[in-house]
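The next block holds one structure in the form of structure tokens; read it before the comments.
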Amino acid sequence: MKKQVNSFILFFCVVFSSAQVNVKFIDHLSANNLAREHTTYLNSLPESDSVFYFKAKFAAKYDQGAFIINNYVLSQALCNADTNLNNKASIHFLTAADQRNTQAWFGIPGAFSAGKENNFNTVYKASLNPNLFSEENFPLELQKSYLKYKRSYNKKPVLAAVFSTILPGSGKLYAGKTKTFFLTFLLNAAYAVQTVESGKKLGIKHPLTIINATAFTVFYLSNIYGSYRAVIDLRKERKKQFITDATNFYN
């Protein structure tokens, strides 16, 4: 208890007695994951480039997207010189769900070493449109992942739907789902045959014929939409894998 009280007193002495940024104290707070104390200390300091820089580092450590950007912009010269900060923030935004903040981060004027390309910026631009680059723009370890994403990016969902309209399941084959192609084709073929046979034997108004025709229609339309979605899902999957591979490699 006495130790906790002493630490508490020491903390507030540092906070209220120092107008300068105590870098060693900040490192201590960061190393021990004392987020609340870290926030209190930074907020107690008068605003300056250095304070905004350390706030940006804090935000990057705890994945606070908008807070990273706000403080980075207010202390861009210091932040821009910190490679570790830039890399950590870039990884956060590449893998974040909030695309608005991601776009804002990679669109900061003059960022990334006075506007020069860096690895994460290249990955971000390639994730938006891989056709802007070639495999030579990436190290050998990332080329396979990049080419997979590029091939999936260039596949057209509408074309997959057209293929499956002509031959049920072929759009799934176009999306690289071979097993699903055979299953979809066989199901549609089975219901088509049953519909024709029951129509011939029982008539088109017979309940069994109507049931078979309805089932065939549902499976046929689902096959078209499913093929369309399969290409979109393939794009997302390959994009996510490319970003994951790139961030793991460059981190």
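The values are calculated or read from the model by the stated rules, or taken from the named source; none is laboratory data. No experiment lies behind these values; they were computed from the predicted model shown. Cβ placement follows ideal geometry from the backbone for every residue including glycine, while neighbour counts extend to all protein chains displayed.
Exactly one residue among Ser145, Ser127 is closer than 15 Å to Lys239 by Cα, in a helix (DSSP H, G or I), at pLDDT 90 or above and out of contact with any Leu (no Cβ under 9 Å at 6 or more places or on another chain), and that residue is Ser145. Once region 131-150 is narrowed to residues that are under 18 Å from the mean Cα position of the chain (by Cα) and without any contact (Cβ under 8 Å) to a residue 40 or more places away in the chain, the residue that is surrounded by the fewest Cβ atoms within 10 Å (Cβ to Cβ) is Leu147. Within region 15-34, the set of residues being hydrophobic (A, V, I, L, M, F, W, C), at pLDDT 85 or above and surrounded by fewer than 14 Cβ atoms within 10 Å (Cβ to Cβ) comprises Val23, Ala31.
Does region 67-82 hold any residues that are part of a helix (DSSP H, G or I) and in contact (Cβ under 8 Å) with a residue 24 or more places away in the chain, and which are they? Across region 67-82, the qualifying residues are Ile68, Ile69, Tyr72, Val73, Leu74, Gln76, Ala77, Leu78, Cys79, Asn80.
The set of residues from region 195-210 being surrounded by fewer than 14 Cβ atoms within 10 Å (Cβ to Cβ) and assigned to a helix (DSSP H, G or I) comprises Glu197, Lys200, Lys201, Pro207.
For region 83-98, how many residues are of a type in the set (S, T, N, Q) and under 14 Å from the mean Cα position of the chain (by Cα)? Total meeting the criteria: 2. Restricting the first member to region 163-190 and to residues that are without any contact (Cβ under 8 Å) to a residue 40 or more places away in the chain, and the second to residues that are surrounded by fewer than 16 Cβ atoms within 10 Å (Cβ to Cβ) and in a helix (DSSP H, G or I), no beta-carbon pair is closer than 6 Å while six or more apart or on different chains. Taken as a whole, region 80-90 holds no residue that is surrounded by 14 or more Cβ atoms within 10 Å (Cβ to Cβ), among the β-branched types (Val, Ile, Thr) and within 30 Å of Asn118 (Cα to Cα).
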